[in-house]
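Here's the structure we're looking at; comments come further down.
A short reminder: the numbers here are calculations on the coordinates, not readings from a lab. Worth saying up front: this structure is predicted, and the values here are computed from it rather than measured. As a convention, Cβ positions derive from the backbone with ideal geometry for all residues, glycine included, and neighbour counts pool all protein chains shown.
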Amino acid sequence: MTDPSMLDSSGKCDVLIVGAGPSGAAAGIELARAGARVVVLDRARFPRHKTCGDALSNRAVALVDDLAPGDLAATPSASVAGALAIFPDGATIGRSYGDEPGRIVPRFALDLLLRRALERAGAEVHEGVMVRRLLSEGGRVVGAEGDAGRWRAGTVIAADGPGSIGWEALGEAYPRGRTLAVSATAYFEGVAPGPREGWSEHHFHADLPCGYGWIFPAVEGLSNVGVYLRSDAYASSPSRLRALFDAFLAREAARFGPAKRVGTVRSWALPLAGALSRRRGVPGLLLTGDAGRAIDPLTGEGIWQALHTGRLAGTIAAKHLAAGGVGDDAVREYERACAAVLDRPARMRALVQDGVRALVSLGLYRAAPVQALLRWGYASGSLETSKTVHGGGSADASKPIDGSGRPA
């Protein structure tokens with residue numbers, strides 16, 4: 001790592017990456033392994049905290065293991081054996097991940113792990129560097145400018161999250177309505193056990209339309225707890241996000257009565273995949289992860305999407321090093337791949353989200369035919385892109401749960 005005051009920004013690199021989170025790290029590692037000269041800039045200094053649900057699907061775990069072999073096994077985390085959907089009357093639907101568990105990994109640890117893997121791969125990583133704008137010449141992005149100077153590159157990858165500097169270059173406005181979600185989260189110590197040890201929980205309630213509340217397995221005694229709502233549904237709510245978070249805790253009083261909150265309640269915005277006209281690049285520029293609006297609308301999951309799009313952008317950029325960087329054809333290739341893996345499934349999953357909202361608000365999830373449909377959709381994982389599901393739990397679809405959250 002170089003101190004920003006000593007950073008030589010007058011030279012040219014093959015690829016400049018703005019943001020050293022999961023998507024930027026995945027892109028940088030892929031490119032550095034391909035022999036590219038990669039410079040990665042991040043405004044933060046690592047390790048740093050990042051507001052997130054901390055959940056890695058099993059396919060995200062596999063990606064991290066490939067990008068940073070052996071590192072995840074030595075990082076504080078919790079195994080996730082499966083997931084439970086829990087409805088207002090306590091009915092549950094479970095799905096097992098079999099011998100491919102997911103993990104809960106605090107972003108404080110995950111992002112540091114990936115940032116170190118970047119340097120091991122040969123990328124230059126510079127922390128504490130604020131990038132203010134992109135540089136363009138002749139209709140092509142050719143670099144970036146920040147507080148520490150200017151950088152030129154054949155390809156720029158914007159991996160800088162919501163409000164990315166790349167959005168202006170694409171002429172993209174800040175997302176709204178169905179293309180945005182909001183979430184609030186905090187860590188709790190001493191949360192009482194739930195229905196299944198080592199399973200993540202997603203609690204569906206009428207006051208969390210197009211969303212849910214979650215309780216995840218604890219890492220070193222701390223459980224990540226939060227609420228998630230799609231923005232258009234949240235806009236019609238009479239309650240603010242913090243009030244919805246507090247109401248979720250109150251409904252689970254038996255679980256949180258003995259618990260202690262550690263740190264503050266944090267909120268953040270999540271740009272969602274699925275828009276028909278989504279742009280993720282122009283000549284010289286590709287956008288990845290949250291900057292590329294890659295988050296799944298149904299679950300709010302974004303780490304696998306960040307890793308996947310970062311690696312995809314890195315692979316495509318590596319193929320065009322000899323050409324001096326990504327052009328129109330490379331951008332189209334990247335956007336087509338993202339549309340196939342992210343946007344098309346996301347549009348279907350957003351419709352499912354609308355359906356679940358109606359089922360919960362009207363209480364129709366109690367009907368046997370509806371439960372059979374939910375078992376097929378949730379327990380089978382038939383609509384999943386980011387995780388492998390092994391069923392195993394569909395028999396719980398109508399199991400009564402008492403007020404403590406344990407099987408009656």
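Hey, GLU145 hits all of (1) within 30 Å of LEU321 (Cα to Cα); (2) part of a loop (DSSP other than H, G, I, E, B); (3) free of Cβ contacts under 8 Å to residues at least 24 places away in the same chain; (4) not aromatic (Phe, Trp, Tyr) but one; which does it fall short on?
Exception for GLU145: condition (2).
Step by step: first the residues of the range 148-168, then only those that are more than 26 Å from GLY300 (Cβ to Cβ) and in contact with a Gly (Cβ under 9 Å, 6 or more places away or on another chain), then the one that is surrounded by the fewest Cβ atoms within 10 Å (Cβ to Cβ). Which residue is that?
Looking only at the range 148-168, we keep the residues that are more than 26 Å from GLY300 (Cβ to Cβ), and these are 148-156.
Keeping just the survivors that are in contact with a Gly (Cβ under 9 Å, 6 or more places away or on another chain) gives 148, 150-156.
Working: ALA148: 20, ARG150: 12, TRP151: 26, ARG152: 16, ALA153: 27, GLY154: 24, THR155: 33, VAL156: 33.
The qualifying residue surrounded by the fewest Cβ atoms within 10 Å (Cβ to Cβ) is ARG150.
Test of understanding: among GLY221, GLY198, which residue is of a type outside the set (S, T, N, Q) and either touching a residue at least 40 places away in the same chain (Cβ under 8 Å) or within 24 Å of ALA44 (Cβ to Cβ) (or both)? Can you show your working first?
Working: GLY221 fails: either touching a residue at least 40 places away in the same chain (Cβ under 8 Å) or within 24 Å of ALA44 (Cβ to Cβ) (or both).
Sole residue among the options that is of a type outside the set (S, T, N, Q) and either touching a residue at least 40 places away in the same chain (Cβ under 8 Å) or within 24 Å of ALA44 (Cβ to Cβ) (or both): GLY198.
Of the residues in the range 49-74, how many are surrounded by fewer than 17 Cβ atoms within 10 Å (Cβ to Cβ), within 25 Å of ARG33 (Cβ to Cβ) and either touching a helix residue (DSSP H, G or I) at 6+ places or on another chain (Cβ under 7 Å) or among the acidic types (Asp, Glu) (or both)?
2
The rows are residues; the columns are (1) in contact (Cβ under 8 Å) with a residue 40 or more places away in the chain; (2) of a type outside the set (Phe, Trp, Tyr); (3) surrounded by 20 or more Cβ atoms within 10 Å (Cβ to Cβ); (4) under 22 Å from ARG279 (Cβ atoms).
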position	(1), (2), (3), (4)
GLY314	yes, yes, yes, yes
ALA317	yes, yes, yes, yes
ARG336	no, yes, no, yes
MET348	no, yes, no, yes
ALA372	no, yes, no, no
ARG375	yes, yes, yes, no
LYS387	yes, yes, yes, no
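Please enumerate the residues belonging to the range 82-127 that are surrounded by 20 or more Cβ atoms within 10 Å (Cβ to Cβ), out of contact with any helix residue (DSSP H, G or I) (no Cβ under 9 Å at 6 or more places or on another chain) and outside any strand (DSSP E or B).
Hit for the range 82-127 is PRO106, nothing else.
Please list, ordered by first then second residue, the pairs with beta carbon atoms under 8 Å, 6 or more apart or interchain, first in the range 97-122 and on the phi > 0 side of the Ramachandran plot, second of a type outside the set (D, E, K, R) and part of a strand (DSSP E or B).
Close Cβ pairs (under 8 Å, with a partner that is of a type outside the set (D, E, K, R) and part of a strand (DSSP E or B)) amount to GLY122/VAL38.
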